[in-house]
Amino acid sequence: MSFWEYANPVKFLKLSGTVLPYFSVFAALMIISGLCWGFFFTPDDYKQGATVKILYVHVPAAFVAINAWFMMLIASIIWLVRRHHVSALAAKAAAPIGVAMTIIGLVTGALWGQPMWGTWWEWDPKLTSFLILFLFYIGYIALWSAVEDPDSAADLTSILCIVGSVFAVLSRYATVFWNQGLHQDASLSVDKEEHVADVFYYPLLVVMAGFVLLFIALVLLNTRSEIMTRRASALLARRKV
Amino acid sequence: MHCLLAERFNMPDLGNYAFHVLSSYGVTTLVIIIVIIFSYIKYTRAKKSLEKIEANLNGK
């Protein structure tokens, strides 16, 4: 059995229909339990006080917002190279979820920044590249809507996705590249010494896993919608002929 | 049981940051609920539309 079998829409619909309920239930369980753990059972930070609780919504949302673009990038490259329609539709399906996560990241970031930095917004490299990523998401969705031929739309949006990935990388690594600005380094790291204290780290991991599962569940649901819409259009076109 | 739960889930003292913390959780919940509802409505519409077209074609 090959991974590419799932480029077949019928097989994709069958598999996604089976796994979707599991992803949804586990996403809900992990998000609710992780947020309750973080909100009710973790102490205040010695520097940031109670605002540290914003960590449990801000970091997972920003993580998904950035990585959703990388998922779209991979799907777009698969479309450009192998011309699998499901991959182009999966990239299209991920965009609204990426927008939602970027909005959460921007708003919760401002709500965290105001009491800690004394400002809602700063033209800091990380914040600015994240805002540009948000604009790329909007542009990506607009481009899909603007081009009538679906294959041409998929080609153009794939190129836009490749260009926009620069800002996804910058959103993630701006603090490393420039080493300036208000935003702190990553809260999570492979190097245990660099990330947040364990008492905040474990609930954060649970919420992040929940956000990732939610993202996968929503991408599967939206891709199913896109496949069905595409099939409906094809049947209508065939009937007209 | 009820008292035990209420005791465990005591509202933490957020002090001067209550607005910032609660707004963050509120905005996150709201946006996630909107995106779930939006996705679900889109899915049910696409499914119904496809079923209707397939039924029409099979009827012919």
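I'd like to know which of A:L55, A:Y137, A:V176 lies farthest towards the positive end of the charge dipole of the protein assembly as shown, counting +1 on Cβ of Lys and Arg and -1 on Cβ of Asp and Glu. Value computed over the given set: A:Y137.
Specify which residue in the list B:Y40, B:G26, B:L57 is farthest towards the positive end of the charge dipole of segment B:13-59, using unit charges on the beta carbon of Lys, Arg (+1) and Asp, Glu (-1), about the Cα centre. Towards the positive end, the residue furthest out is B:L57. Which residue, chosen from A:T157, A:A232, A:L205, occupies the Cα position most advanced towards the positive end of the dipole of chain A, where the dipole is computed from +1 (Lys, Arg) and -1 (Asp, Glu) charges on Cβ about the Cα centre? Checked the options; the winner is A:A232.
The charge dipole of the protein assembly as shown, taken about its Cα centre with unit charges on the Cβ atoms of Lys, Arg (+1), Asp and Glu (-1) only, comes to about 1760 debye.
For segment B:13-59, the percent of C-alpha pairs falling in each 5 Å distance bin, counted from 0 to the bin holding the largest distance, reads 4, 19, 12, 12, 10, 9, 9, 6, 6, 4, 4, 2, 2, 0. Placing +1 on each Lys and Arg Cβ and -1 on each Asp and Glu Cβ, with no other charges, gives segment B:13-59 a dipole about its Cα centre of roughly 300 debye.
The value obtained for chain A, namely the Cα convex hull volume divided by the number of residues, is 143 Å³ per residue.
Inter-chain Cβ neighbour count for A:94-105, averaged per residue, equals 3 (cutoff 10 Å, partner chain atoms only).
Values quoted throughout were computed directly from the atomic coordinates according to the rules given, and no laboratory measurement underlies them. Everything numeric in this text was worked out from a predicted model, so none of it was measured. Positions of Cβ are generated from backbone atoms using ideal geometry, with glycine treated the same way; all protein chains shown enter the neighbour counts.
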